[in-house]
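Each remark here refers to the structure printed beneath this line.
The values are calculated or read from the model by the stated rules, or taken from the named source; none is laboratory data. Computed from a prediction, not measured in an experiment: that's the story for all the values here. Backbone-built Cβ (ideal geometry, glycine too); neighbour counts: all protein chains shown. Note: accessible area is taken over every heavy atom of the protein model, side chains too, but ligands, DNA and RNA are not part of it. Shrake-Rupley method; radii C 1.70, N 1.55, O 1.52, S 1.80 Å.
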Amino acid sequence: MKHYPRRPEPKVPASALTLPIVAVVGRPNVGKSTLFNRLAKRRLAIVYDEPGITRDRHYATTTAYGRDYTLVDTGGFDPESDDPMKAGIAGHVKAAVAEADVVVFVADGSQELTSADRAAVELLRRAKKPVLFAANKVDSPRVEAEALELYRLGVDHVYPVSALHGRGMAELETAIVERLPPSDAGDDVDAELPRIAVIGRPNAGKSSLLNRLLREDRMIVDPRPGTTRDAIDALVEHDGERYVFVDTAGIRKKGKVTKAQDAVESMSVLSSIRTIERSHLVVVMADAAEGVAEQDAKILGLAQDRGRAMVVALNKCDLLDKEAIKKAEENAREKLAFAPYVPIVKISAKTGRGLGELFAKIRAVYTDFDKRVTTGELNRFFEGVLATRSPPTSGGKAPRLYFVTQAESGPPLFVVVSSAPDAVHFSYRRYVVNQLRKHFGFEGVPIRVAYRDKRRGKRKGAPEAEEG
């Protein structure tokens, strides 16, 4: 089994606009997931020699030649199939292509072209998107000669690759980067304002909240779930400060989505993920009456994984008595136990109850998101941490920790210089994160800590994400 080196997710700058999207498409069992893993530079998608393993889409942030982009893996696409499952996969593929900036079409270079390949190529032509045609499983010069059959479909250029062995990947990645849209970070006139993404399940009251803040019915409000399909930006002023709020489509649990809704739903989910990436802070709205559900926890996890600041808003509290509200908050804490540092605010978008407290939390969390602690303060704090509890011996090594500094903000990244970074036990790493939070706050903000080898100044492994 091929193993890929683990690497950290590229940091998405807090002020960056949406990352470009590259979709990997093709018929079943041509090696799309293997290529996805190779481009992502880590094993994410399940790879197995059987058609149809990938049904939903997988997402990963990756980088090539200095450009970050979001990679999307899709299920096997057969436009001519009448099978309901394959029809659902086709909906995902079409949704991914519609949102993509660049499409990588993958064919099996070791086999003859099929009618499904031809139909897919024709569909991609109609999409009018930059398309790169990759002939996969090209492991020898003989197979490479056979792979050139793709030219018979009238394509301009074929990229013979072996996703399994890495052959031809440099040329393919170069072509991807060349076709990405120009980076427009900083072109947004509101780029310096705090961007607040309002995320949640359908019918949690997201659009009602935006209408209340705007004092107008700008967003369509309807009791039926799924009314909002696209992310909508709105400039909001409160107590003399300005914010950009973004209303997003509700992210539904997979079992709640019908076949007819599936393709549109896929686009809504992708749009919400892109909105999280281009925001500083995420407000996860949940219905207090229904309680926080597994899907709400997954949404919060998406924001945490992407290093966004977070606030949870329990909406519709006007419908509950004090005892029910208390139980709703306890339920929320239990379901979101993986992120105990995230504040929970009780509100009513309908009546305006609790909106002052919501804005107070947004301001406080956003301030912590961008906060920097001086190296002097950090090392005085660190001396106390080491005096109270030094790192335990691990693997026969007793690691020494020399000093700590803050390398980045938004979200904060701290670097600890050590004699043996790999020997610092995960429990002690969690202890350091908890102590940083205890001394310096960072309410609602994921904290990352990286351990660097003193001898070479080389960072070992990925930054440790907040674990609760």
Take Ser394, Ser279 and sort them by solvent-accessible surface of the protein heavy atoms, 1.4 Å probe, largest at the top. Ser394, Ser279
P(r) of the stretch 316-358 over all Cα-Cα pairs, binned every 5 Å from zero, in whole percent: 5, 22, 26, 25, 17, 5, 0
Using 7 Å Cα-to-Cβ label points, what is the Glu330/Arg380 separation (nm, one decimal)? 4.2 nm
Rolling a 1.4 angstrom probe over the protein chains, ignoring ligands and nucleic acids, what is the accessible area of Asp287 in square angstrom, nearest 10? 10 Å²
Using only alpha carbon pairs under 8 Å that are at least six residues apart, calculate the relative contact order of the stretch 279-357 and give it in whole percent. 34 percent
With every protein chain in place, the accessible area of Glu330 for a 1.4 Å probe, in Å² rounded to the nearest 10, comes to 100 Å²
Between Thr393 and Lys129, what is the FRET efficiency for a Förster distance of 45 Å, r being their Cβ-Cβ separation, to the nearest 0.05? 0.20
Excluding ligands and nucleic acids, what accessible area in Å² is computed for Lys298 using a 1.4 Å probe, to the nearest 10? 110 Å²
Tell me, what is the per residue accessible area of the stretch 320-456 in Å², probe radius 1.4 Å? 49 Å²
Just need log10 I(q)/I(0) for the stretch 323-456 at q = 0.19 Å⁻¹, Debye formula, equal scatterers on the alpha-carbon atoms, no solvent, rounded to two decimals. -1.09
For the pairs Lys41/Lys137; Lys137/Lys298; Lys206/Lys361; Lys41/Lys371; Lys335/Lys438, flag any whose C-alpha to C-alpha distance is greater than 28 Å. Lys137/Lys298; Lys41/Lys371
Once neighbouring chains are kept in place and the probe is 1.4 Å, which whole percent of the accessible area of the stretch 324-388 is contributed by carbon and sulfur? 52 percent
